[in-house]
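**Q** For reference, the structure I am asking about is given below.
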Amino acid sequence: MKRNSFLGGVIVSCICLFAGNQDSFGQKYATATINPEQIINAPAVIREDIQEVVVGASGEFILKNKLVVTIFKKEANDLAVLQVDYEPKIKIKSINGNVYDLIGNTIKKGSKSDISDYSNFNSFSIYEDNRIKVMDLRQLNFPYTVEFEYEVEYPNLFFLPNWYPQSYPKIPVEIAQVKYIYPKASKLRFFTQTIDEKYLSTKELEGGMVEKSWKIENIEAFEPEIMLPLDENPTKVLFVGASEFEYEGFKGDLSSWESMGKWIGSLNSGKDVLTPQLKSKVNELVAGLETTEEKTKAIYEYLQKNTRYVSIQLGIGGFMPFEALTVEKYGYGDCKALSNFMGAMLKEAGIQSNYALIYGGESKRKVYEEFPRSYFNHAILAVPDGKDTIWLECTSQTNPFGYLGNFTSDRHALLITENRGKLVRTPKYGKEQNTLFQKADFEVDETGKATGNLHFENSGLQTENGSLLTVAGLSATEKKDWLLTNLTLSSFDVVDFNFSPEMSSLPTVKVDAKIMVKSIASKSGTRIFLQPNQLNVYSMKISSKPERKASFERRMGFIDEDLITYQLPEGYNPESVPSKVLLESDFGIYSAEYHLEERSLVYKRKLEMNDGVYQAGQFPAFVDFVTNIEKADKTKVVLKKVQ
C-alpha cells in the first residue's frame, strides 16, 4: 500500500516500518476483537493509523507513523505492501514490520533483508534524486494482520504532512490519531472542513512547545458517490501548513497568497537572462508584427519548434526553474523552466508575462482560498493583453496557441506578479465551444453491409476525445488506428481518410473518412433491423439507487449534432418510422427525428448537455434523462422486403 500525503504540493509516500516483537503485544490484534459489523462487507479493517509530527527549533521535523491492518480478502492484499519515497534531504530513520495470524501470534518479523530500494525514476525525467523503499509482507492465507511503524526526518516545514484519518473509503478504521508537537513560535496553521472540532485536543508543553491532537474512533466504510462536486468531497482531511520556513537557504512565508507568490518569485529571480544571439532572434521573430497576440504567437511557435519537455527534480529544483540560458543551450526543460524561458523571450520583445502555478490534470483539485498552501503541480504562463489574458501551456510541442484544454482550464492558479502572488481562475470552455458535428452517408445492401462517407468536426474540449487533437498531428498509421478504435461500429474497414486540424485558441479537428461496414444492419427472413445511431450513442450506466446524499456535478457542457442518411436496399421499406423524440430538462435538451425521402432514411439528432451543480434530490431525474437518451439512441428501424 502506498500512503500518499500531500506535503507542500509534493506527493510524498512514506513507509518506514517498525513493530513490537513480543507475541503478547500482538494478541490485541486477534481478529476476534474486531467489531463484527465492520467485517460484513469490508475486505480489510484498519486497526490503528497513528501519526506523530515533532517539529524542532530550526524547522526540521520527525514524522512517526504506526499502521495496523487486518486483511480478510485477496482484493485488499496490497495493503500489506508499503513504500516510502525519499531523497538526500529526506532521511529514513528506521524501518520494520510484523505479521500476525488469526489469533494475534507473530508469524513473521520484518528485517532489513525484506526491504528493497529502487530509483523512483519517471520515464519523462532525465535526472531525479528520488528513491523508494518497499517492504512486501503479503500473505497467502487469510485473515492476517500486518503492523508497520516508521520514522522519517524532514529538513523544513514546507514538507509538513496533512492528515487523512481514512485513506480508503471502503475500508473501516478502528482508531485514527494524529499529533503535531511544535514550538509555539513556529506558528503552524491548521484547516479542515470535514473533521469536527470535538476531536481536537490542545495543550501547552514545557519549553514553549504546543501539542495539537485529533483522535477519531470507529470510522465506518462508505461507498463514494459518483459525480461529486469538489466542494462536497466526503474524504476527511486536516490540512497543515507552515507560516515562515526556510528551504535550502530560501526563506519563505505560506501564510498568505501574496507572501507565497513572493517566495516563488524569489526562486525565479535572475533566471531570465538570454544570449545576444537569442535576443537578436526574438527581435527578428517579432519584426513587423503589431499586436501583443501576434508577437506572442510568433515567439510561442519558436518555443515549440526548438524545445522539448523533460522533468528534472533535484531538491528545491522541484519548485525552482533552471536558467533560461540552460534551456537555450540544451533545448529542453520542465514546466517551470520552459515557462520561465518563454517569459524571458517575451520580456526581450517588450511583452509582460506572469509565471503561474496550477494543478494540472483532468481531475481538478479543490483550492481553499482561505488556507494558502501549495496545491499545485504544474507551471504555465499568462500574458496580459488589454482586458484579456493569453494563457500558454509551454510544455507541449503541438498545443494550439492560447489553448489550455482539459488539463488546466477552469481552475485556480497562483499568478506570480511583481513581488507577490494572486489567486486567479483560468478560462472555462462552455457548451457552445465544446461541439461535435457528424455527417454520414451510408449505402446499405440487402445483406446488411454498407459503404459510408463520414465527416465530423470536433471543437473545444471535444477535440480531446480519444486524444484526437494529438493524433491529428501524427502519422497516417496512427490516424487510421484512431478511426478503427474510436468509431463505434461493430466491424469495418477504413478505405480512405483525411484529418484537418485548425490550431486556434479554440481548436477544431475535421475528419473525413470512407469506410466499408461488414454489418451495419442485421437480417432475419424478409426483414432488416437497422439502428440509425451507431456513431454517437450516449451511455452513462448509472442508477438512482441507493438514495443520493450529496449534490452532483456535470463538469463539461457540450453540444452534439448528427445528420445520418441511409440509402436503403432496393425493394425494402420501413414498416414504420419512429416518432420524433424531444426530452427537455434542467440538465439539457435532446431531440431525434426520422424522415423517409424516397429510398433514403434521414436521421437527425441533437444533444445539448449543460454543466453545473445540482441538488441530490434531482439525481433521479438526471438518471431518467440520460437513460431515456440512451434508449432513444438505440431505437431501431425495421425494414421489410416489398412482396
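**Q** Counting only protein heavy atoms, what percent of the accessible surface of the chain is carbon or sulfur at a 1.4 Å probe?
**A** Solvent-exposed carbon and sulfur of the chain make up 47 percent of the total.
**Q** Okay, next question. Would you mind checking K66/K236; K480/K606; K347/K431; K545/K580 for any pair whose Cα atoms are more than 24 angstrom apart?
**A** Check vs 24 Å cut-off fails for K480/K606; K347/K431; K545/K580.
**Q** Helix check for the chain. Which DSSP H runs span at least 24 Å along their own axis by Cα, with a mean Kyte-Doolittle hydropathy no less than 0.0?
**A** Sorted by number, there is nothing, because no helix extends far enough and scores high enough.
**Q** So which lysines can K89 reach, going by Cα to Cα under 16 Å and dropping same-chain residues fewer than 8 places off?
**A** K133
**Q** Further question on the same structure: Any idea of the accessible area per residue across the chain, 1.4 Å probe, to the nearest Å²?
**A** Value returned for the chain: 47 Å² of accessible area per residue.
**Q** So for segment 508-643, averaging the separation of alpha carbon pairs under 8 Å that are six or more residues apart and normalising by length, what relative contact order in percent results?
**A** Contact order relative to length: 37 percent.
**Q** Also: What is the packing order of peptides 286-295, 446-455, taking the mean over residues of other C-beta atoms within 10 Å and listing the highest first?
**A** Descending mean neighbour count gives 446-455, 286-295.
**Q** Please turn the phi angles of segment 384-397 into ³J(HN,Hα) values with the Karplus equation 6.51 cos²θ - 1.76 cosθ + 1.60 (θ = phi - 60°), one per residue in order, whole Hz, x for glycine and proline.
**A** Going residue by residue, I get x, 9, x, 7, 9, 10, 9, 9, 10, 8, 8, 8, 9, 8 Hz, with x marking Gly and Pro.
**Q** Express the relative contact order of the chain as a whole percentage, based on alpha carbon pairs under 8 Å and six or more residues apart in sequence.
**A** 10
**Q** For segment 420-497, with the dipole built from +1 on Lys and Arg beta-carbon atoms and -1 on Asp and Glu ones, taken about the Cα centre, which of F442, G421, N458 lies farthest toward the positive end?
**A** Projecting each Cα onto the dipole axis, the largest value belongs to G421.
**Q** Roughly speaking, what is the stretch gain from Q139 to T526, that is 0.36 nm per residue apart minus the C-alpha to C-alpha distance, in nm to one decimal?
**A** This chain segment gains 133.2 nm when fully extended.
**Q** Could I ask something else about it? Once the whole set of protein chains is in place, how much accessible area is left on L278, using a 1.4 Å probe, in Å² to the nearest 10?
**A** Estimated to the nearest 10 Å², L278 gives 10 Å².
**Q** Which value, in Å² rounded to 10, gives the accessible area of H378 with a 1.4 Å probe and all protein chains present?
**A** Here the residue's solvent-accessible area equals roughly 20 Å².
**Q** Among the listed pairs K336/K364; K387/K428; K212/K336; K305/K366, give every one whose C-alpha distance is greater than 28 Å.
**A** K212/K336; K305/K366
**Q** Work from the charge dipole of the chain (Cβ charges, +1 for Lys and Arg, -1 for Asp and Glu, about the Cα centre) and give the residue of F148, T565, G110 farthest towards its positive end.
**A** My answer, from the dipole projection, is G110.
**Q** Charges at C-beta only: +1 for Lys and Arg, -1 for Asp and Glu. How large is the resulting dipole of the chain about its Cα centre, in Debye rounded to 20?
**A** I would put it at about 720 debye.
**Q** Farthest toward the dipole's positive end in segment 562-643, which of F619, G588, Y603, given Cβ charges of +1 (Lys, Arg) and -1 (Asp, Glu) about the Cα centre?
**A** Going by the charge dipole, the pick is Y603.
**Q** Where a Cα-Cα gap under 13 Å defines reach, which aspartates and glutamates qualify for K514, not counting those fewer than 8 residues away within the same chain?
**A** D441, E443, D493, D496
**Q** Sorted by accessible area (1.4 Å probe), largest first, how do S585, S213 line up?
**A** In descending accessible area the options line up as S585, S213.
The values are calculated or read from the model by the stated rules, or taken from the named source; none is laboratory data. Just so it is clear, the model here is predicted, and its values are computed rather than measured. Quick reminder, even Gly has a Cβ in these numbers, built from the backbone with ideal geometry, and neighbours come from all protein chains shown. Remember, those area values only see protein heavy atoms, side chains included, never the ligands or the DNA or RNA. Shrake-Rupley method; radii C 1.70, N 1.55, O 1.52, S 1.80 Å.
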